[in-house]
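Written out below as structure tokens is the structure these notes cover.
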């Protein structure tokens, strides 16, 4: 990513293959009857995204660790409700549909054979990989995700947008700072502060009791950012209700650690891999074998034509 004309498309791959899995019928199967709906759905997603958005660089960002210990150490409830079972000698297991888990290694093998950069880093989530690529980018970046947490990366000045799927990836909410200000009352920089004040049950973040999205937005509009809100708690002249002041005071231990948990990392040690959009498969023989074994058919052929074009 070294010239102004380059455009990077960053995929929140787990988010997309979950959507593919639930959006494509499980009747889409390999010759042996194994479901491949998530695989074919993801290939169709990538095909459509490349056609519509014309990236020069593409990275399929992965969860090497969907619930990093360093986040759990700070907020033990982080994603706790998603844990199926805790093994004393092993990592937590995320609850995923039984017929999706076996498709993930196949997704990885197809991406590798195609030559599409697939990047996951031990100890980090896909969001953190996306955050680091975004921080390093020198040109426009489109982030494709069904996770609103990544709205915090939106930056009009740098050309960073989030493309949020509303229906497949054919209908996307193009999220820029204008959209964030209209919808949430904050810009990209303020979204993480809004999220941690409001809380997020889907991520096990408690937030501040009694402070919902609208109140959080009003506090940030009044005091600028989380640091400003906390400074206002200590300022008797600041316009806070007694209840708000009390609840923010009680939440100080949470607010002291929540920013590190909620904000995506931008300093992940990324591997040295090429991210240029491939024009031809890296390993044609392996790709042919995968396609035949798993019956990937038209989905793979369409994507190959799109990449070649």
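For residue 24, indicate whether it is buried (at least 21 other Cβ atoms within 10 Å of the Cβ), free of Cβ contacts under 8 Å to residues at least 40 places away in the same chain and over 16 Å from the mean Cα position of the chain (by Cα). Outline the logic, then answer.
Numbers: buried (at least 21 other Cβ atoms within 10 Å of the Cβ): yes; free of Cβ contacts under 8 Å to residues at least 40 places away in the same chain: yes; over 16 Å from the mean Cα position of the chain (by Cα): yes.
Yes: the conditions hold for residue 24.
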- Query: Right, residue 106: touching a helix residue (DSSP H, G or I) at 6+ places or on another chain (Cβ under 6 Å) and either surrounded by fewer than 23 Cβ atoms within 10 Å (Cβ to Cβ) or not assigned by TED's automatic domain parsing to the domain that holds residue 16 (or both) or not?
  - Reply: yes
- Task: Please list, ordered by first then second residue, the pairs with beta carbon atoms under 8 Å, 6 or more apart or interchain, first in segment 259-282 and in a strand (DSSP E or B), second surrounded by fewer than 10 Cβ atoms within 10 Å (Cβ to Cβ).
- Result: none
- Query: Looking at residue 255, is it touching a residue at least 24 places away in the same chain (Cβ under 8 Å), assigned to a helix (DSSP H, G or I) and outside the structural domain of residue 73 (by TED's automatic domain parsing)?
  - Reply: yes
- Task: Have a look at 71, 67, 19, 40 and point out the one that is over 30 Å from residue 261 (Cα atoms) and touching a residue at least 24 places away in the same chain (Cβ under 8 Å).
- Result: 40
- Query: Given the structure, is residue 166 touching a helix residue (DSSP H, G or I) at 6+ places or on another chain (Cβ under 8 Å) and either assigned by TED's automatic domain parsing to the domain that holds residue 40 or on the phi < 0 side of the Ramachandran plot (or both)?
  - Reply: no
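Could you tell me whether residue 306 is surrounded by 11 or more Cβ atoms within 10 Å (Cβ to Cβ), closer than 26 Å to residue 55 by Cα, modelled with pLDDT of 95 or more and out of contact with any helix residue (DSSP H, G or I) (no Cβ under 9 Å at 6 or more places or on another chain)?
Numbers: surrounded by 11 or more Cβ atoms within 10 Å (Cβ to Cβ): yes; closer than 26 Å to residue 55 by Cα: yes; modelled with pLDDT of 95 or more: yes; out of contact with any helix residue (DSSP H, G or I) (no Cβ under 9 Å at 6 or more places or on another chain): no.
The answer is no for residue 306.
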- Message: Here is a check on your reading of the model: is residue 19 surrounded by 15 or more Cβ atoms within 10 Å (Cβ to Cβ), touching a strand residue (DSSP E or B) at 6+ places or on another chain (Cβ under 7 Å), closer than 26 Å to residue 202 by Cα and not assigned by TED's automatic domain parsing to the domain that holds residue 203?
- Response: yes
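The values are calculated or read from the model by the stated rules, or taken from the named source; none is laboratory data. This structure is a prediction, so every number in the text was calculated from the model and none was measured. Methodologically, a virtual Cβ is constructed for each residue, glycine included, from the backbone with ideal geometry; neighbour enumeration extends over all protein chains shown.
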